[in-house]
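> For reference, the structure I am asking about is given below.
The values are calculated or read from the model by the stated rules, or taken from the named source; none is laboratory data. Keep in mind the model is a prediction, meaning the values are calculated, not measured. Positions of Cβ are backbone-derived with ideal geometry, glycine not excepted, and every protein chain shown enters the neighbour counts.
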């Protein structure tokens, strides 16, 4: 019952479920439009993420790496890079949920800046998650739907990775290099044997995304391993994202059967450039995950779709679930004075990133198309 209540209380799932029910008045969903490979891969990945959370791996790494920071700028950079790298493997949502509260707790204690560092941490989580097939749930969908090779994915990601690190590094100049006392290391320990086994299970899930292992088998292995560690882990797995994707598939299946809607989307996606900008624009108003599922039904310009929906996660507050989580975490953990000032700079830096990084991605998209 606890799991069911958690799923039902998931706001994103609630909205997706309501829209899915309403879409049934347009048409009946087709079973072929539900990508079960994506669903199994998501279940496996969400389970692995919760196991890492149970083992306190991210907390351990964060405190160890930031213990030697001497200035506010250096401390922020450590957290930004931790968020960037962690998001590659454990999703942008988990990176934000872990590193933003950690930083804000330290910032309040040492009277450090909050708004720009928190913004940079959130943006780093978004950008880092684009770098791997499993960092972002819509990348898992793209990999399974279009059978993208690891070589192609790596080539597409390279220019995005370079400009992302440069952009994040530039953000650090907005933070004064105020000296800070050494951040104390918390008395955290991790079980290396269990962490190693968890990494192996994560690799199995990774292999399933590329079709080298049945996705249902990888998910089952992850679930069984979690149950053997502690059955309570299974109560905290984010099943909501899996059911949310089911709702997305139903919505898209119904919408694409409406001739007028299909005609508009087909007209908008006649070239790589139009697919790129349609993906960005759609992401701004409905979030980049459902935008990916929708636009993917009407195009074969895969690099344009990849770049557009990934960079489309920057911009508005609803462009990515990560943005909403960041806003919520800041409201909970930041000082009262900073909370009311967060929205404007956060949005401004996001649109700045969308413009600058999006320009580089557009050039890369044209090259690979």
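> Being within 16 Å of residue 106 (Cα to Cα) and either touching a helix residue (DSSP H, G or I) at 6+ places or on another chain (Cβ under 7 Å) or at pLDDT below 85 (or both) is true for just one of 215, 181. Which residue is that?
The conditions single out 181.
> Across region 318-334, which residue is modelled with the highest pLDDT among those that are more than 17 Å from residue 124 (Cβ to Cβ) and outside any helix (DSSP H, G or I)?
Per the criteria, the residue is 334.
> Within region 108-143, how many residues turn out to be in contact (Cβ under 8 Å) with a residue 24 or more places away in the chain and more than 17 Å from the chain's Cα centre (by Cα)?
Residues in region 108-143 being in contact (Cβ under 8 Å) with a residue 24 or more places away in the chain and more than 17 Å from the chain's Cα centre (by Cα): 8 in total.
> Now for a separate question. Take residue 9 and decide whether it is over 24 Å from residue 142 (Cα atoms) and within 22 Å of the chain's Cα centre (by Cα).
yes
> Look through 71, 38, 47 and report the one residue that is more than 23 Å from residue 235 (Cβ to Cβ) and buried (at least 19 other Cβ atoms within 10 Å of the Cβ).
It is 38.
> So, residue 158, is that one surrounded by fewer than 22 Cβ atoms within 10 Å (Cβ to Cβ) and farther than 25 Å from residue 354 by Cβ or not?
No, not satisfied.
> Output the residues belonging to region 228-257 that are touching a helix residue (DSSP H, G or I) at 6+ places or on another chain (Cβ under 7 Å), assigned to a loop (DSSP other than H, G, I, E, B) and either free of Cβ contacts under 8 Å to residues at least 40 places away in the same chain or farther than 23 Å from residue 26 by Cα (or both).
Answer for region 228-257, where residues must be touching a helix residue (DSSP H, G or I) at 6+ places or on another chain (Cβ under 7 Å), assigned to a loop (DSSP other than H, G, I, E, B) and either free of Cβ contacts under 8 Å to residues at least 40 places away in the same chain or farther than 23 Å from residue 26 by Cα (or both): 230, 237, 238.
> Of the residues 163, 190, 148, only one is assigned to a loop (DSSP other than H, G, I, E, B), touching a residue at least 40 places away in the same chain (Cβ under 8 Å) and crowded, with 17+ Cβ neighbours inside 10 Å; which?
Among 163, 190, 148, only 148 is assigned to a loop (DSSP other than H, G, I, E, B), touching a residue at least 40 places away in the same chain (Cβ under 8 Å) and crowded, with 17+ Cβ neighbours inside 10 Å.
> OK, next. Would you mind telling me which numbered condition in (1) more than 21 Å from the chain's Cα centre (by Cα); (2) within 30 Å of residue 21 (Cβ to Cβ); (3) in contact (Cβ under 8 Å) with a residue 12 or more places away in the chain residue 317 fails?
For residue 317, the failing item is (1).
> Got a sec? Which of 303, 259 is within 20 Å of the chain's Cα centre (by Cα) and surrounded by fewer than 24 Cβ atoms within 10 Å (Cβ to Cβ)?
Testing whether each residue is within 20 Å of the chain's Cα centre (by Cα) and surrounded by fewer than 24 Cβ atoms within 10 Å (Cβ to Cβ) leaves just 303.
> With the checklist (1) touching a helix residue (DSSP H, G or I) at 6+ places or on another chain (Cβ under 7 Å); (2) assigned to a helix (DSSP H, G or I); (3) under 30 Å from residue 246 (Cα atoms) in hand, flag the one item residue 157 doesn't pass.
Single failed check for residue 157: (1).
> Among the candidates 276, 225, which residue alone is touching a residue at least 40 places away in the same chain (Cβ under 8 Å), in a helix (DSSP H, G or I) and over 30 Å from residue 4 (Cβ atoms)?
276
> Could you list, in sequence order, the residues of region 259-271 that are in contact with a helix residue (DSSP H, G or I) (Cβ under 9 Å, 6 or more places away or on another chain) and farther than 18 Å from residue 302 by Cα?
Answer for region 259-271, where residues must be in contact with a helix residue (DSSP H, G or I) (Cβ under 9 Å, 6 or more places away or on another chain) and farther than 18 Å from residue 302 by Cα: 261, 262.
> Would it be correct to say that residue 309 is within 22 Å of residue 20 (Cα to Cα), in contact with a helix residue (DSSP H, G or I) (Cβ under 7 Å, 6 or more places away or on another chain) and modelled with pLDDT of 85 or more?
So residue 309 passes the test.
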